[in-house]
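The values are calculated or read from the model by the stated rules, or taken from the named source; none is laboratory data. What you see is a predicted model, and the numbers here were worked out from it, not measured in a lab. Glycine also receives a Cβ, built like all others from the backbone with ideal geometry; neighbour counts cover every protein chain displayed.
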Number of protein chains: 4
Amino acid sequence: MKTKFQTPIIIVNFKTYSEATGQKAVELAKHAEKVSKEKGVSIVVAPQLADIAAVAEAVEIPVFSQHIDPIKPGSHTGHVLADSIKEAGAVGTLINHSEKQLKLVDIDAAIRLARDKNLISCVCANNPSVSAAAAALKPDIVSFEPPELIGTGVAVSKAQPEVVTNTVKLVREVNTEVTILCGAGISHGEDVAVALKLGTQGVLVASAIVKAKDQYSILREFAEATKR
Amino acid sequence: MKTKFQTPIIIVNFKTYSEATGQKAVELAKHAEKVSKEKGVSIVVAPQLADIAAVAEAVEIPVFSQHIDPIKPGSHTGHVLADSIKEAGAVGTLINHSEKQLKLVDIDAAIRLARDKNLISCVCANNPSVSAAAAALKPDIVSFEPPELIGTGVAVSKAQPEVVTNTVKLVREVNTEVTILCGAGISHGEDVAVALKLGTQGVLVASAIVKAKDQYSILREFAEATKR
Amino acid sequence: MKTKFQTPIIIVNFKTYSEATGQKAVELAKHAEKVSKEKGVSIVVAPQLADIAAVAEAVEIPVFSQHIDPIKPGSHTGHVLADSIKEAGAVGTLINHSEKQLKLVDIDAAIRLARDKNLISCVCANNPSVSAAAAALKPDIVSFEPPELIGTGVAVSKAQPEVVTNTVKLVREVNTEVTILCGAGISHGEDVAVALKLGTQGVLVASAIVKAKDQYSILREFAEATKR
Amino acid sequence: MKTKFQTPIIIVNFKTYSEATGQKAVELAKHAEKVSKEKGVSIVVAPQLADIAAVAEAVEIPVFSQHIDPIKPGSHTGHVLADSIKEAGAVGTLINHSEKQLKLVDIDAAIRLARDKNLISCVCANNPSVSAAAAALKPDIVSFEPPELIGTGVAVSKAQPEVVTNTVKLVREVNTEVTILCGAGISHGEDVAVALKLGTQGVLVASAIVKAKDQYSILREFAEATKR
């Protein structure tokens, strides 16, 4: 796993925010690339499907898809094919984000597909036991995000430190290699620093970056915080 | 409606076929554009989401998405936003393809979103009564495709002419303006010609074109058949 | 249709309320039966699946299931078979309630299954155009319920009379025979009376009855209101 | 766990087979009860939802639901409430059967609900890694069933012994207490005996029992095989 990407890592989920759609997705990705290079910190961008190609063309930092379907090439109109996002330039994918949840067997199948295609898999989970279950499927990354904090500005690392610690403990019991992230409400550099101190290897963030008036500055704050 | 596109119309669904993914999607779209110009026939291409931008950049014929989700900009990780596919260059979208079926209320919401964004909506339906229900929601196009014939090479227009006729009749009872297509098993120009004679204004096709050794020739055969 | 049940009709949806689970479901059904007989008004009860048999055993008024799946006997663990609810004593079923929404093709298939088994089908819809689409599928009953009013105590018939009227109009354009109900927020006899004046043939109610301290009295108020 | 039920255990899934619907469900349950008492072997029956009450009334052996939804009492029309199946007489439930698959977070929530209501939870899984993930959620039972063998008569214990062994190994790495079953294609007593030898504590069976001309005899054969 360690050869695939450097930790700590910040994954920026563009969701379907208008502030990160189309040309704005490319601009945000360029801010992320700039900060990544200036600070020497691993930053991943996860734009919408239709924007992957343009973003991957514009920047050299890793680009993730927000989702893949557990399918192989064939008759699957409207589904997201691993081969397709890879050819568009993605090097990894979120799986089972709380806004795009999958059946258990489909998470397993999506992780296998990602592995087969040499795509980095980041499975999202809503609580400690689900995080452990996800880790048992051997993805590259598990990201713990309590849905009730997503978008609130109340950081999981500040509001529920013992839950983050417990998640790290339960995940490590079933998987010693997986990279562990946490997310939800991460708004300040301090939230990032605390997340790392609690035993994670990075954060999954969205609104705090995407909806910021100055996306570059908040990205830099987050990146600097990974170095404390 | 009539100002939006010219009929008869041929929509080519690229599905998630490897023969129409990434660079190959662009090549197929160029074949379609060439035939469209040579024959003066309306041909639409529906590539995968990640390929919409590149295809729309490469050709001047209409590009459809294979799917949109019934969502507005916001927190919808992994979903397909109408604004996003439009900014990528799509001018319309399939909705409720038999391989990507939606809840009834989501079909209604997706049609409204398409209308709001000035995107052409093409709702797929599996039988005459479902086609009529879809037509009651006032999309631009209803495409009737019996799933049991999809990909078989047995054309709906040849195998079930009375079902196509009945579909046209039921649809017209609830909607006099909607464009009616049929699909499933369309493999030869003759299948296209018969579909039009049965009262449809075009066809939705996939494997016969995408998996053809000579995509250009079969596209031309289909285009010519619309003129009989 | 008219031979199947008498209108106006009041359908009481027990949902999964604890006030209408198990033995309490039987008690509520007995209140409904008493009012139905006293007032000569058609009242249907729709208990949870596991309660259908006990309720149907206890009362003579019609019992509906809250849902059926579009399946035939076979390997469908955990699904709701039309034959099963019928053998348990149900004479009809809700389909596509806003809390149990189905794909369009599954609504169509469920209506056909109900028809084959001589079960009364009541399809729920969230707005006028979806009501018309549902009516195009030829169910016995269409029930219009705007989800934003469900459980609010703000009656659709009082708050959105023009929407109810428009629903009746759109439904009648595609189906002259279907029974039309409305629901959401119906709390007083007056709400029921207004619903009927707006052109519906009855109401679909839940919390106002189920959660009432005196279920019998509010049922009687609703029944009397159908006679104004 | 051990206080909740005795192992080895045979769970008979009635699915939605017509041979196990309504009155026939009660008859099959009585056969199972007879064999259970005669042989002193733990047999569980899992009838359809609408049949739980009648079956639980008729027999003293444990009755499982085929499914529960991850919901609490409230506005959940058409869903399966843990309280409801418990009041009907069920003492446990299948969760995530391959024919009724759930999202990962819903499996977790359903297990918690079952635990809160003192219902035995049996989570189904399609392969070794998914079985381990399910086990990480701490259900009472994990049942491994490769879907490609379900209903074939080719027993998983005979056809894929190394996969069963591997499943037991992976599950035990994350959960030392959970009861492990296997299923799919179990057709003869020998298949049951082999399943136990491979390290499982029982079997989940369906068609071999339900569709047998002599349900009693095949049940007895299975029960005897657990004693070899």
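Just to be sure, is A:T77 in a loop (DSSP other than H, G, I, E, B), out of contact with any strand residue (DSSP E or B) (no Cβ under 7 Å at 6 or more places or on another chain) and of a type in the set (V, I, T)?
no
Counting only residues that are closer than 23 Å to A:D83 by Cβ and acidic (D, E), how many does the stretch B:38-53 have? So that I can check it myself, show each step before the final result.
Residues of the stretch B:38-53 closer than 23 Å to A:D83 by Cβ: B:45-53.
Now drop any that are not acidic (D, E), which leaves B:51.
Matching residues across the stretch B:38-53 total 1.
For the stretch C:107-118, indicate whether the set of residues that are more than 27 Å from C:N166 (Cα to Cα) and of a type in the set (D, E) is non-empty.
The answer is yes; a qualifying residue exists.
In the set C:L94, C:L113, which member is outside any loop (DSSP other than H, G, I, E, B) and within 9 Å of chain D (Cβ to nearest Cβ)?
Numbers: C:L113 fails: within 9 Å of chain D (Cβ to nearest Cβ).
After ruling out the rest, the residue left standing is C:L94.
Which of the numbered conditions does A:V123 fail, given that it passes all the others? Conditions: (1) within 14 Å of chain B (Cβ to nearest Cβ); (2) farther than 24 Å from B:G74 by Cβ.
(2)
Given the conditions (1) over 19 Å from A:S129 (Cβ atoms); (2) more than 14 Å from chain C (Cβ to nearest Cβ), and given that D:V105 satisfies all but one, which numbered condition is not satisfied?
Every condition holds for D:V105 apart from (1).
Which is surrounded by fewer than 20 Cβ atoms within 10 Å (Cβ to Cβ), facing chain D (nearest Cβ under 9 Å) and basic (K, R), of C:K86, C:K100?
Selected residue: C:K100, the only one of C:K86, C:K100 that is surrounded by fewer than 20 Cβ atoms within 10 Å (Cβ to Cβ), facing chain D (nearest Cβ under 9 Å) and basic (K, R).
When you go through B:D214, B:D191 one by one, which is the residue that is modelled with pLDDT of 95 or more and acidic (D, E)?
Only one candidate qualifies: B:D214.
Given the residues A:A109, A:A114, A:A125, which is the only one that is modelled with pLDDT of 95 or more, among the hydrophobic types (A, V, I, L, M, F, W, C), buried (at least 24 other Cβ atoms within 10 Å of the Cβ) and farther than 24 Å from A:A58 by Cβ?
A:A125
Across the stretch A:196-226, which residue is surrounded by the fewest Cβ atoms within 10 Å (Cβ to Cβ) among those that are farther than 27 Å from A:A136 by Cβ and within 14 Å of another protein chain (Cβ to nearest Cβ)?
Top of the filtered list is A:K211.
Being surrounded by fewer than 21 Cβ atoms within 10 Å (Cβ to Cβ) and either within 18 Å of the chain's Cα centre (by Cα) or at positive phi (or both) is the filter here, so list the residues in the stretch A:170-195 that pass it.
Across the stretch A:170-195, the qualifying residues are A:E177, A:S187, A:H188, A:G189, A:A193.
All but one of (1) facing chain C (nearest Cβ under 9 Å); (2) out of contact with any Lys or Arg (no Cβ under 6 Å at 6 or more places or on another chain) hold for D:S75, so report the exception by its number.
The number of the failed condition is (2).
Assess whether A:Q101 counts as being out of contact with any Lys or Arg (no Cβ under 9 Å at 6 or more places or on another chain) and modelled with pLDDT of 95 or more. Spell out how you get there, then give the answer.
Working: out of contact with any Lys or Arg (no Cβ under 9 Å at 6 or more places or on another chain): no; modelled with pLDDT of 95 or more: yes.
For A:Q101, the condition - out of contact with any Lys or Arg (no Cβ under 9 Å at 6 or more places or on another chain) and modelled with pLDDT of 95 or more - is not met.
Given the residues D:V80, D:V45, which is the only one that is surrounded by 19 or more Cβ atoms within 10 Å (Cβ to Cβ), within 9 Å of chain C (Cβ to nearest Cβ) and β-branched (V, I, T)?
D:V80
Count, please, the residues in the stretch D:1-42 that happen to be within 14 Å of chain C (Cβ to nearest Cβ), under 18 Å from D:A223 (Cβ atoms) and surrounded by fewer than 21 Cβ atoms within 10 Å (Cβ to Cβ).
Summing the residues that are within 14 Å of chain C (Cβ to nearest Cβ), under 18 Å from D:A223 (Cβ atoms) and surrounded by fewer than 21 Cβ atoms within 10 Å (Cβ to Cβ) in the stretch D:1-42 gives 1.
Only residues that are surrounded by fewer than 22 Cβ atoms within 10 Å (Cβ to Cβ), over 23 Å from B:G74 (Cβ atoms), touching a residue at least 24 places away in the same chain (Cβ under 8 Å) and more than 9 Å from chain D (Cβ to nearest Cβ): list them for the stretch A:129-162, please.
A:D140, A:K158, A:P161
Would you mind listing the helices (runs of 4 or more DSSP H) fully within the stretch D:120-224 where at least 3 residues are of a type outside the set (G, A, S) and closer than 26 Å to D:L104 by Cβ?
D:161-174
Looking at this structure, is D:I95 on the phi < 0 side of the Ramachandran plot, aliphatic (A, V, I, L, M) and within 15 Å of the chain's Cα centre (by Cα)?
yes
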